[in-house]
Amino acid sequence: MKRIQRNMLLTENGFTLIEIMVTLGLFLGVLVIASNAFNKIVSQATTYSKMEESNIEGVIGLEVMRHDLAQMGFGLPWGFSKSNAVELVDSTIQYSEATDTAAAALNEPANGVPRALVGYAAFGNFSSAAYIGVKATSVGSSKVSQRWTYIPFHNYSATPYQSRPVSFMSNNPHPGDKVIFVNSNVNDAANKDHRLIVSPTDPTNFSYGYSATTIDSSFLPLSDENSYTVYGVDDSGVTLHMPFNRADFFIGTSASGVVPPFCSPRTGVLYKATVSQSNGGYSYVPLLDCVADMQIVLGWDISDGGMLGAVNVNSSLPQKSDGQVINVATEGTNASIDITAAKASITGWMTDPKGIREHLKVVKVYILAQEGKVDTKYSTPATTITVGDMSNGFKKDYTLSAAQQHYRWKLYRIVVRPRNLVSNSH
């Protein structure tokens, strides 16, 4: 009996100190391994989450840019007229555009016909990244800019008004909306098609409050050969700064905020900035964070098509089939192309509203942006990234700094054929 009790006492004594220490060591080892694995999972999840966020930003923000590029030229006047006068450009018609210092470089002359696309290289931190402006009534920030209608002759018989706008329900401008009137007649021998109509009594004021019935006779078609298009531009309380809207796209570091702290050095924010109709200032909309570079490649139709003679270009330029886009950088070996004349023509078209709308076929945008956050354990496979159309030679090599090599990068591309340009209408 005493022996049995002694054995029971030995059994109830529990683990020895050595057993406890061994067990605790194993537990701590497993805990360290699990902790390291958890930290790695969290770190990777943060990286992938930020990468996915960047992708979503890219899809949404760049779709806004693509939409505006596709709208270029919509509602732009090709000249100015006092009622049905025949002036191509009337010096008494004045407007102003952007007041921002950088934006002012994209302004037209005070009485100049607006270009559908303008741009230059913005030097400095972004190594000549593109700074572009898109001009159209439909790129404004207000709902008014999405409305339009037209006025055929004799659509309304009440005295003294001989015409009235055609009703498209919700697409029509609303009473009081600031609109412009454009003579859209394309069969006029005096070439008054797409001419901005202003009052002969006040040609410096092209801002007009829309009405479906009570319309000044200066803004009504005077014959059955005329049809006026009415484009909504901005809200009713605004006196128009310019007879169109304008959206600029550029990489900025401190436009309406600051660059997010997770962005790589030498990057900024891709902005869409609309020019205010009230004061010419910018209203900023950020589209994409952590952008290192943006390059624009333009495709041109250099065929004659009956249009080259109307533009001051080299008459020796050889003809190509209508609609064919010529890439200057790769056509130098083609004996049928005068490469020098082509370059001279394109240079002239970029400053000529008529040249742009009749020859610009394709706009390609290349944007180099950061994907995710910094990863000190990662290094880019190459220190130089090509931004642009690599197959045709229109490109720029962007060299990453030592700090930038610990980030992942993505190259976005937008390809647009602006349907409101004459060059894409045939």
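Among residues belonging to the stretch 250-265 that are among the small types (Gly, Ala, Ser) and at pLDDT below 85, point out the one that is surrounded by the fewest Cβ atoms within 10 Å (Cβ to Cβ).
Ser254
Please list, ordered by first then second residue, the pairs with beta carbon atoms under 7 Å, 6 or more apart or interchain, first in the stretch 63-78 and over 16 Å from Lys364 (Cβ atoms), second in a loop (DSSP other than H, G, I, E, B) and aromatic (Phe, Trp, Tyr).
Every condition considered, the pairs that remain are Gly75/Phe244; Leu76/Phe244.
Only one of (1) at pLDDT below 85; (2) surrounded by fewer than 16 Cβ atoms within 10 Å (Cβ to Cβ) fails for Ala105. Which number is that?
Going through (1) at pLDDT below 85; (2) surrounded by fewer than 16 Cβ atoms within 10 Å (Cβ to Cβ) one by one, Ala105 breaks only (1).
Does the stretch 341-363 contain at least one residue that is buried (at least 20 other Cβ atoms within 10 Å of the Cβ), modelled with pLDDT under 90 and over 24 Å from Leu117 (Cα atoms)?
Within the stretch 341-363, not a single residue is buried (at least 20 other Cβ atoms within 10 Å of the Cβ), modelled with pLDDT under 90 and over 24 Å from Leu117 (Cα atoms).
This table checks each residue for (1) touching a strand residue (DSSP E or B) at 6+ places or on another chain (Cβ under 7 Å); (2) exposed (fewer than 14 other Cβ atoms within 10 Å of the Cβ); (3) within 25 Å of Pro260 (Cα to Cα); (4) at pLDDT 90 or above.
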position	(1), (2), (3), (4)
Gln370	yes, no, yes, yes
Ser379	no, yes, yes, yes
Arg408	yes, no, yes, yes
Leu421	yes, no, no, yes
His426	no, yes, no, no
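Do we find that Val230 is under 25 Å from Gly75 (Cα atoms), assigned to a strand (DSSP E or B) and either touching a helix residue (DSSP H, G or I) at 6+ places or on another chain (Cβ under 8 Å) or modelled with pLDDT of 90 or more (or both) in this structure?
yes
Only residues that are assigned to a loop (DSSP other than H, G, I, E, B) and out of contact with any Leu (no Cβ under 9 Å at 6 or more places or on another chain): list them for the stretch 397-426, please.
Result: Leu400, Ser401, Ala402, Ala403, Arg417, Arg419, Ser425, His426.
Go through the residues of the stretch 279-300 one by one and say whether even a single one is touching a residue at least 24 places away in the same chain (Cβ under 8 Å), touching a helix residue (DSSP H, G or I) at 6+ places or on another chain (Cβ under 7 Å), closer than 16 Å to Phe181 by Cα and of a type outside the set (Gly, Ala, Ser).
no
Based on this model, can you work out whether Val269 counts as at pLDDT 85 or above, in a strand (DSSP E or B) and within 30 Å of Ser401 (Cα to Cα)?
yes
Just give me the residues in the stretch 267-288 being on the phi < 0 side of the Ramachandran plot and over 15 Å from the mean Cα position of the chain (by Cα), in sequence order.
Going through the stretch 267-288, the residues on the phi < 0 side of the Ramachandran plot turn out to be 267-279, 281-288.
The answer is Thr267, Gly268, Ser276, Gln277, Ser278, Asn279, Gly281.
Return yes when Pro200 is in contact with a Ser or Thr (Cβ under 9 Å, 6 or more places away or on another chain), modelled with pLDDT of 80 or more and surrounded by fewer than 21 Cβ atoms within 10 Å (Cβ to Cβ) and no when it is not.
For Pro200, the condition - in contact with a Ser or Thr (Cβ under 9 Å, 6 or more places away or on another chain), modelled with pLDDT of 80 or more and surrounded by fewer than 21 Cβ atoms within 10 Å (Cβ to Cβ) - is not met.
The values are calculated or read from the model by the stated rules, or taken from the named source; none is laboratory data. The shown structure was predicted, so the numbers you read here are calculated from the model rather than taken from an experiment. In this analysis, Cβ positions are derived from the backbone assuming ideal geometry, glycine residues included, and neighbour counts consider all displayed protein chains.
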